[in-house]
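Step one of this worksheet: look at the structure below.
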Amino acid sequence: MLLSWLLVRDTRAYTQLERPTNAAASPNPLPTFRAIFARTSWGDRTLFAACQAGLVNNLNDGMSWGIFPIFFAAQGLHIEGIGILKFVYPAVWGVCQVITGPLADTIGRKRLIAAGMGVQAAGIWLILATRTFDWWLGGSVLLGLGYAIGALLAGVIADLIGIGWAIGVVGGPALLSGIVTAVVMVEKRT
């Protein structure tokens, strides 16, 4: 909380930029769920890109929390090592937010999201392709640089065809998500 108080800037100025410049413009009524779904699914390229990246990021998180501990234990890693690996991912993610938040305000979100999804895919596949703690630690760091649906999907895949496949399959949407973001998202500069 102290770090947030000291380092996080108020974004009120950015929300003011989004307001209509015409004083006569009246606020629109609240949109329906159907209208929101349509806009974020196919009506607005940027919202679609951001939403699908968020969904895939949650997929990665869910798989990471639900499947990685089982995978590491099956490879013979002790509980302390599993705890360290599970700590590193959110710790790196949290520390990087202090850097990438202001950076996104400066250079835009598109490049950071697209690259971050690619880095997450690399982290997932590095963990899957290696069998030692040091490499898994590196993969966890990469994954931190870039829940519910992911945990369910990863669990179903693990039950059907194995834990390794569940991990590998989740890396694909991460890479694809980065590509979709790079191609579809439109940066709005003010």
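Run the helix sum for the chain: -39,500 (n - 2.57) per DSSP H stretch of 4+ residues, divided by residue count, reported at 222 nm to the nearest 500 deg cm²/dmol. Show your work: numbers first, answer last.
On the way: 10 runs with 145 residues, N = 190.
About -25000 deg cm²/dmol.
log₁₀ I(q)/I(0) of the chain at q = 0.14 Å⁻¹, via Debye over equal Cα point scatterers, no solvent, to two decimals?
Per q value, in the given order, log10 I(q)/I(0) is -0.88.
Stretch ASP105-LEU30 to full length: gain in nm at 0.36 nm per residue minus the Cα-Cα span?
On the way: separation 75, 0.36 × 75 = 27.00 nm, distance 2.76 nm.
So the chain would gain 24.2 nm between ASP105 and LEU30.
Once the Cβ-Cβ distance between GLN97 and ASP159 is put in as r, and R0 is 25 Å, what FRET efficiency do you end up with, to the nearest 0.05? Don't skip to the end; give the middle numbers.
Details: r = 33 Å, r/R0 = 1.34.
Taking R0 as 25 Å, the efficiency between GLN97 and ASP159 is 0.15.
Between LEU176 and GLU18, with labels modelled 7 Å along Cα→Cβ, what's the label distance in nm to one decimal, could you check?
Simple spin-label model gives 2.9 nm for this pair.
Read-outs: derived from the displayed coordinates by stated rules, not from any lab. Note that the coordinates shown come from a computational prediction; the quantities given were computed from them, not determined experimentally. For neighbour counting, all protein chains shown are included, and Cβ atoms are generated from backbone atoms with ideal geometry for every residue, glycine included.
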